[in-house]
Amino acid sequence: MKPAKNLYLNTPQLKAELDRCLNCKNAPCMNACPVNCNPQEFINYAKQQNYAESVKTIMRNNPLGQTCGLICPDKFCMAACTRSRIDFAINIPKVQATILEKHRQESYCDVPAVLNGKKIAVIGAGPAGIAAASELVKAGYKVDLFEADNKIGGALNMIPETRLPHEVLEKDWNFICHKDRAELHLETPKNPEAMLAEGYDGVIVSTGEPHCMELGISGEEHCVSFMDYLKHPEKYQTDGRVAVVGGGNVAADCAFTAHDNGASGVELFVRRRLSDMKITRSEIFDLMDRQVDFTTMTSPEKIEKKNGKLSLFTRKNHFVDGKLRPLENTCIERPGFSLIVKAIGSYADAKTDSDNVIYAGDCKHGGSTVVEAIASGREAAAKLDKILNG
Ligand SMILES: Cc1cc2nc3c(=O)[nH]c(=O)nc-3n(C[C@H](O)[C@H](O)[C@H](O)COP(=O)(O)OP(=O)(O)OC[C@H]3O[C@@H](n4cnc5c(N)ncnc54)[C@H](O)[C@@H]3O)c2cc1C
Ligand code: SF4
């Protein structure tokens, strides 16, 4: 795996970015942030070298401030940044990640002196669960955070270390968690229905999306799902050619991983156009930097195994009245792949809130982004607090 590069700004770069902030009257950057983080405020504190307040401003609304800083897409604060209409947007996430990486010191959690006597179970320690637990602790609850896996972070653990070093998750968690009030139970899967009977006053369920979408084609058993692949890339290491089916940032992470693990070539098969891919510009450049091929407007038809190699049969798509349709008689065989990874999405079974049991994050809203999952966790905590405290 390639080492992570350029994740943070150096000191002159940070100063230059801080100096470009226009201190806009209506803070469009803050309004575009799903957790209402206030870049204007933390930038101003940083300009005055008051990094302690800058750090607090970031972490007040975002318990995974550094994590978000490294992987938040450019469609929120950066898209709204006034500078993008003058020259180019301030790289707010990178500024945020850099301030936390270089200037965060002791932990900080603003909690009431006395507990309110109520106990909440949060099931799932991904971004939504961590955010819910952190909000509930701030509101005076005692929280048990249950995680089936042996580490926190949920789907974030599938992101390659080159984009998100996993120690950053731990740093964020150690900074905001108040260990006397939020107890983490790893390798402890829980059934939401049973928790109220176990004596909890309320339950937040943030269990993510555990199922991978199927391609629905013959020979599908010859390919590997993105979850299996990204959780254990070492099991699928190859120096042959790798095909990745999908066009989002999960597919991009599979392509990065295959390249960095020694694949001789990586090809992304994308159903729609390059411009429709749900990845950031910098991810596109990173893929190009690794010589990943993009085969767009193309869908898989079937997979066959021949002499130890895999053939992917594909057909072209085209738009008819704005709708994507298969283009007849375009099926071709693409032979010689060592590995085919399917990365076309994931899903959870439908969830509905009931008395004192609130769902949050991707298991409720479908696949989203880390910052939206955090916003959802915070909302769930506020909703539960309202139910329990009238
Ligand atoms: C490969 C990949 C790349 C991504 N890249 C980006 C990106 O660049 N930028 C971005 O913003 N977002 C990205 N995302 C999306 C982001 O990771 C998710 O939106 C976010 O993690 C969802 O958070 P969550 O807490 O709802 O669920 P999850 O993160 O899925 O967490 C759910 C947790 O619940 C646990 N759990 C499940 N069932 C139980 C149970 N019964 N008991 C106890 N625990 C249980 C799971 O083990 C898991 O830890 C990416 C996702 C993937 C998969
Ligand atoms: S929108 Fe951009 S320039 Fe304006 S306050 Fe926010 S970060 Fe600064």
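The values are calculated or read from the model by the stated rules, or taken from the named source; none is laboratory data. Bear in mind the structure is a predicted one, so any value in this text is a computation, not a measurement. Cβ atoms come from the backbone with ideal geometry, glycine included; neighbour counts cover every protein chain shown. Ligands, DNA and RNA are excluded from the accessible area calculation, which covers all protein heavy atoms including side chains. Shrake-Rupley method; radii C 1.70, N 1.55, O 1.52, S 1.80 Å.
The single condition among (1) modelled with pLDDT of 95 or more; (2) part of a helix (DSSP H, G or I); (3) under 22 Å from the mean Cα position of the chain (by Cα) that ASN36 does not meet is (2).
Determine whether the range 350-363 contains at least one residue that is modelled with pLDDT of 95 or more, more than 24 Å from SER225 (Cβ to Cβ) and small (Gly, Ala, Ser). For the range 350-363, residues modelled with pLDDT of 95 or more, more than 24 Å from SER225 (Cβ to Cβ) and small (Gly, Ala, Ser): present. Does the range 270-294 hold any residues that are under 15 Å from ARG241 (Cα atoms) and touching an Asp or Glu at 6+ places or on another chain (Cβ under 6 Å), and which are they? Answer for the range 270-294, where residues must be under 15 Å from ARG241 (Cα atoms) and touching an Asp or Glu at 6+ places or on another chain (Cβ under 6 Å): just ASP293.
Number of residues in the range 295-318 that are among the acidic types (Asp, Glu) and either surrounded by fewer than 17 Cβ atoms within 10 Å (Cβ to Cβ) or more than 30 Å from the chain's Cα centre (by Cα) (or both): the value is 1.
So that you can scan it fast, the table gives a plain yes or no per residue for (1) away from ligand 2 (no atom under 16 Å from the Cβ); (2) free of Cβ contacts under 8 Å to residues at least 40 places away in the same chain; (3) among the hydrophobic types (A, V, I, L, M, F, W, C):
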{"residue": "MET158", "(1), (2), (3)": "yes, no, yes"}
{"residue": "THR162", "(1), (2), (3)": "yes, no, no"}
{"residue": "GLU167", "(1), (2), (3)": "yes, yes, no"}
{"residue": "GLU183", "(1), (2), (3)": "yes, no, no"}
{"residue": "ALA194", "(1), (2), (3)": "yes, yes, yes"}
{"residue": "ALA197", "(1), (2), (3)": "yes, yes, yes"}
{"residue": "ASP201", "(1), (2), (3)": "yes, no, no"}
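Considering the range 333-376, the residues that are farther than 13 Å from THR207 by Cα and among the charged types (D, E, K, R) include one that is most open to solvent (accessible area, probe 1.4 Å), namely ASP355.
Yes or no, residue by residue, for (1) touching a residue at least 40 places away in the same chain (Cβ under 8 Å); (2) in a helix (DSSP H, G or I):
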{"residue": "ASP253", "(1), (2)": "yes, yes"}
{"residue": "ALA258", "(1), (2)": "yes, yes"}
{"residue": "SER282", "(1), (2)": "yes, yes"}
{"residue": "PHE285", "(1), (2)": "no, yes"}
{"residue": "LYS305", "(1), (2)": "yes, no"}
{"residue": "SER311", "(1), (2)": "no, no"}
{"residue": "THR314", "(1), (2)": "yes, no"}
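What do you reckon, is ALA131 out of contact with any Asp or Glu (no Cβ under 8 Å at 6 or more places or on another chain) and either at pLDDT 95 or above or β-branched (Val, Ile, Thr) (or both)? Outline the logic, then answer.
Numbers: out of contact with any Asp or Glu (no Cβ under 8 Å at 6 or more places or on another chain): yes; either at pLDDT 95 or above or β-branched (Val, Ile, Thr) (or both): yes.
For ALA131, the condition - out of contact with any Asp or Glu (no Cβ under 8 Å at 6 or more places or on another chain) and either at pLDDT 95 or above or β-branched (Val, Ile, Thr) (or both) - is met.
Residues of the range 233-269 that are open to solvent by 30 Å² or more (accessible area, probe 1.4 Å) and touching a Lys or Arg at 6+ places or on another chain (Cβ under 7 Å): ASN249, HIS259, SER264.
Given the options ALA16, ALA52, ALA79, name the one that is within 16 Å of ligand 1 (Cβ to nearest atom), surrounded by fewer than 17 Cβ atoms within 10 Å (Cβ to Cβ) and in a helix (DSSP H, G or I). Talk me through it step by step, then tell me what you get.
Details: ALA16 fails: within 16 Å of ligand 1 (Cβ to nearest atom); ALA52 fails: within 16 Å of ligand 1 (Cβ to nearest atom).
When all the criteria are applied, what remains is ALA79.
Taking the range 92-196 as the region of interest, the helices (runs of 4 or more DSSP H) fully inside it that hold 2 or more residues being more than 8 Å from ligand 1 (Cβ to nearest atom) and surrounded by 19 or more Cβ atoms within 10 Å (Cβ to Cβ) are 92-103, 127-138, 167-176.
In the range 328-351, of all residues being part of a loop (DSSP other than H, G, I, E, B) and under 18 Å from GLU301 (Cα atoms), the one that is nearest to ligand 1 (Cβ to nearest atom) corresponds to ALA343.
In the set (1) of a type in the set (D, E, K, R); (2) part of a helix (DSSP H, G or I); (3) in contact (Cβ under 8 Å) with a residue 40 or more places away in the chain, ASP74 fails one condition alone, (2). Scanning the range 27-43 for residues that are near ligand 2 (Cβ under 9 Å from one of its atoms) and in contact with a Cys (Cβ under 6 Å, 6 or more places away or on another chain) yields CYS29, ALA32, PRO39, ILE43.
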